[in-house]
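Novice: First the structure, which I've put down as structure tokens, then a few questions once you've had a look.
The values are calculated or read from the model by the stated rules, or taken from the named source; none is laboratory data. Just so we're clear, the structure is a prediction, and the values are computed from it rather than from any experiment. Cβ atoms come from the backbone with ideal geometry, glycine included; neighbour counts cover every protein chain shown. For the accessible areas, the whole protein counts, side chains as well, though only heavy atoms, and no ligand, DNA or RNA atoms are used. Shrake-Rupley method; radii C 1.70, N 1.55, O 1.52, S 1.80 Å.
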Amino acid sequence: MENLLYIHIPFCDSKCNYCAFNSYTNLNHLKKDYFNAIKTQFLNDSEKFNITSLETVFVGGGTPSTMPLSFYENLFNLLNPFLKNTKEITIESNPNTSFEWLKEIKNLGINRISFGVQSFNDEKLKFLNRNHSSIQAIKTIENAKKAGFENINIDLIYATALDTYELLQNDLKIINSLPITHISAYSLMIEKGTKWENDYSKRKEDEKLEIWFIEQIKKRFNWYEISNFGNLCLHNLGYWQHKEYLGIGAGAVGFKKWKMENGKWKIFRYYPKRNIKEYIKNPINYKYEYLSNEDLKKEKIFLGLRSIAGFDENILNQNEKEKVNLLINAKKLYKKEKKIYAYDFLLADAITTYII
Ligand SMILES: C[S@@+](CC[C@H](N)C(=O)[O-])C[C@H]1O[C@@H](n2cnc3c(N)ncnc32)[C@H](O)[C@@H]1O
Ligand code: SF4
């Protein structure tokens, strides 16, 4: 059967002030052991779940670009038998990688690259504790294009204390001069376990500025999910459509629908160990989270309304259908070929809470 594949790389060169992702800056000596562990997990999962081919692959992190090329050569030797029909292979990268690294990973078959740019303003980059400069980011994006990448994403963070119309306008000007095909723009979240934990002074609460920024991005890039603009990322679309995916690596998440011997279906997420040392010791020691039909329905509505995926009206009961009809009349939702969509993805949370 065909699935999506997510591989987590839990290493970074430095830790950004806002980031709670599962990543380590002081365990580089474990990179070799980590490859062996993900190999063990991938071989186990692909056999256990009868995987014969991968629809999309996403190598995320942490910072996948901190891994040496030999890591990816070995990884693709492992994955190649499953990649005959693969439509999209994405890798995340810091925007300070060399032209040679970009060219080599392109040659391995990776066809989409995602740079953690965050901003083109050097003061803001320092504030976030990024280890790259604006000039480096510009050069790396140009190099990615020269290396043959047609699909280039940048991540941006907005709603930080330093943001102004002028700063964001300047970022947009630089973006418009570069061969970027996709933007993931995230409103800063103050997360537990980060340097900025509980420090809300690092955020700027200015809804008008946030909406203005989204409107500006929309001028050049198609808005297709609450944080995503431009050429569709097929892998993420697959998540929102509840396609099944393997989650490989420390802190990754997998999602499966499994037919039991009694003919009933089990729908579950599985979580390999988050701690890298524990993961390396036993990469196939999972925690399972079973989802009820109600859980799944809620997710379908929530994820569908946040994006162009929409959701099927048949999953609703009579009471919920009536609420949806009210929202259609109020021009908050629309229906097309028995699917329900939101006009404004920013309202998805509130609408979901109202419907169920
Ligand atoms: C795994 S990182 C991207 C790849 C690479 N590690 C990098 O930063 O260059 C995923 C993205 O999540 C976003 N992100 C992480 N923590 C965030 C937070 N607290 N608030 C908003 N966005 C966040 C950043 O835009 C970041 O680029
Ligand atoms: S944002 Fe990216 S580079 Fe920064 S700590 Fe998080 S994963 Fe690492």
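Novice: Could you tell me what percent of the accessible area of segment 2-238 is made up of carbon and sulfur, with a 1.4 Å probe and every protein chain present?
Specialist: Values: 4990 of 10190 Å².
The value for segment 2-238 is 49 percent carbon and sulfur by accessible area.
Novice: Here is a follow-up. Where Lys and Arg each count +1 and Asp and Glu each count -1, what net charge lies around LYS103 among other residues with Cβ under 12 Å from its Cβ? Please list the in-between numbers first.
Specialist: Working: positive: LYS106, LYS145, LYS146; negative: GLU100, GLU104.
Here the count lands on +1.
Novice: Still on this structure, please answer the following. Relative to a virtual label point 7 Å from the Cα of SER53 in the Cα→beta-carbon direction, which members of segment 140-172 show backbone nitrogen distances below 13 Å?
Specialist: Within reach of a label on SER53, which here means backbone N under 13 Å from a point 7 Å along Cα→Cβ, segment 140-172 contributes nothing.
Novice: May I pose another question? Label segment 293-355 by shape, choosing from rounded, prolate and oblate, from the square roots a ≥ b ≥ c of the eigenvalues of the Cα gyration tensor; if a/c is under 1.5 it is rounded, and otherwise prolate applies when a/b is larger than b/c, oblate when it is not. Could you put the intermediate results ahead of the total?
Specialist: Numbers: a/c = 1.30, a/b = 1.10, b/c = 1.18.
It comes out rounded by the Cα gyration axes.
Novice: A 20 angstrom limit on the alpha carbon distance is what I want to check against. Which of LYS256/LYS281; LYS298/LYS323; LYS300/LYS321; LYS257/LYS287 exceed it?
Specialist: Pairs exceeding the cut-off: LYS256/LYS281.
Novice: Per the 1.4 Å probe, what fraction of the accessible area of segment 293-355, in percent, lies on carbon and sulfur atoms? Intermediate values should be presented prior to the final figure.
Specialist: Working: 1830 of 3680 Å².
Looking at segment 293-355 in its full context, I get 50 percent from C and S.
Novice: For segment 81-144, what does the alpha-carbon gyration tensor say about shape, rounded, prolate or oblate, given a ≥ b ≥ c as the root eigenvalues, a/c under 1.5 as rounded, and a/b over b/c as prolate?
Specialist: Working: a/c = 3.48, a/b = 2.30, b/c = 1.52.
Because a/c hits 1.5 or more and a/b exceeds b/c, segment 81-144 counts as prolate.
Novice: Okay, next question. Can you bin segment 234-356 into rounded, prolate or oblate? Criterion: square roots of the alpha carbon gyration tensor eigenvalues sorted a ≥ b ≥ c, rounded for a/c under 1.5, prolate for a/b above b/c, oblate for the rest. Spell out each step's value before the answer.
Specialist: Details: a/c = 2.87, a/b = 2.01, b/c = 1.43.
It is prolate, given that a/c is not under 1.5 and a/b is the larger ratio.
Novice: How far, in nm, would the chain grow between GLU166 and ASP199 when pulled straight, counting 0.36 nm per residue and subtracting the alpha carbon separation?
Specialist: On the way: separation 33, 0.36 × 33 = 11.88 nm, distance 2.44 nm.
That works out to 9.4 nm of additional length.
Novice: Find how many whole Å separate the alpha carbon centroid of segment 293-316 from the alpha carbon centroid of segment 60-130.
Specialist: Using only Cα atoms to place each centre, the spacing works out to 31 Å.
Novice: What net charge do the residues around LYS336 carry, taking every other residue with its C-beta under 12 Å from that of LYS336, with Lys and Arg at +1 and Asp and Glu at -1? Spell out each step's value before the answer.
Specialist: Working: positive: LYS335, LYS338, LYS339; negative: ASP312, GLU313, GLU337.
Cβ neighbours under 12 Å give a net charge of 0.
Novice: Isolated Cys in the chain by the 4.7 Å beta carbon test?
Specialist: CYS12, CYS233, each lacking another Cys Cβ under 4.7 Å.
Novice: Probe of 1.4 angstrom, ligands and nucleic acids ignored: what's the accessible area per residue over segment 293-355, in square angstrom?
Specialist: In whole numbers, segment 293-355 has 58 Å² accessible per residue.
Novice: Express as a percent, rounded to the nearest 5, the fraction of DSSP beta bridges in the chain (both residues included) that run antiparallel. Kindly include the intermediate steps, with their values, before the conclusion.
Specialist: Numbers: 24 of 55 bridges.
DSSP beta bridges in the chain are roughly 45 percent antiparallel.
Novice: Something else now. With unit charges on the beta carbons (Lys and Arg positive, Asp and Glu negative) and the dipole taken about the Cα centre of the chain, which residue among TYR270, ILE340, PRO179 sits farthest to the positive side?
Specialist: About the Cα centre, the residue reaching furthest to the positive side is TYR270.
Novice: If you average the sequence gap of Cα pairs under 8 Å that are 6 or more apart and divide by the length of the chain, what percent do you get for the contact order?
Specialist: Details: 640 pairs, mean separation 56.8, N = 356.
So the answer I get is 16 percent.
Novice: Please work out the Cα convex hull volume for the chain and give it in Å³ per residue. Provide the component values of the computation, followed by the final result.
Specialist: Values: hull volume 52.9 nm³, N = 356.
So the per-residue Cα hull volume is 148 Å³.
Novice: Please report the relative contact order for segment 194-283, taking Cα pairs under 8 Å with a sequence separation of at least 6, and give it as a percent rounded to a whole number.
Specialist: On the way: 82 pairs, mean separation 13.9, N = 90.
Over segment 194-283, the number comes to 15 percent.
Novice: Another one. Need the full-extension length gain, ASN107 to ILE308, defined as separation in residues times 0.36 nm minus the C-alpha distance. One decimal, nm. Present the calculation step by step, with values, prior to reporting the outcome.
Specialist: Working: separation 201, 0.36 × 201 = 72.36 nm, distance 3.20 nm.
The span from ASN107 to ILE308 would gain 69.2 nm if fully extended.
Novice: Within straight cross-link reach of LYS336, meaning Cα distance under 16 Å, which aspartates and glutamates are found once same-chain residues fewer than 8 apart are removed?
Specialist: Within the straight-line limit of under 16 Å, LYS336 reaches these aspartates and glutamates: ASP312, GLU313, ASP344.
Novice: Please work out the average accessible area per residue across segment 2-238, using the 1.4 Å probe convention, and give it in Å². Mind showing how you got there, number by number?
Specialist: On the way: 10190 Å² over 237 residues.
On a per-residue basis, 43 Å².
Novice: If we count every other residue with Cβ under 14 angstrom of GLU166's Cβ, Lys/Arg +1 and Asp/Glu -1, where does the sum land?
Specialist: Residues near GLU166 contribute -1 overall.
Novice: Next question, about the same structure. Do the sum for the chain: with -39,500 (n - 2.57) for every DSSP H run of n ≥ 4, divided by all residues, what is the mean residue ellipticity at 222 nm, to the nearest 500 deg cm²/dmol?
Specialist: Details: 12 runs with 130 residues, N = 356.
It lands at -11000 deg cm²/dmol.
Novice: Would you calculate the separation in nanometres between label points at LYS146 and LYS277, each defined as 7 Å from the Cα along the Cα-to-beta-carbon direction?
Specialist: 4.3 nm
Novice: OK, next. Can you give me the distance in nm between label points at LYS87 and LYS15, each placed 7 Å from the Cα along the Cα-to-Cβ direction?
Specialist: Result for the modelled spin labels: 3.9 nm.
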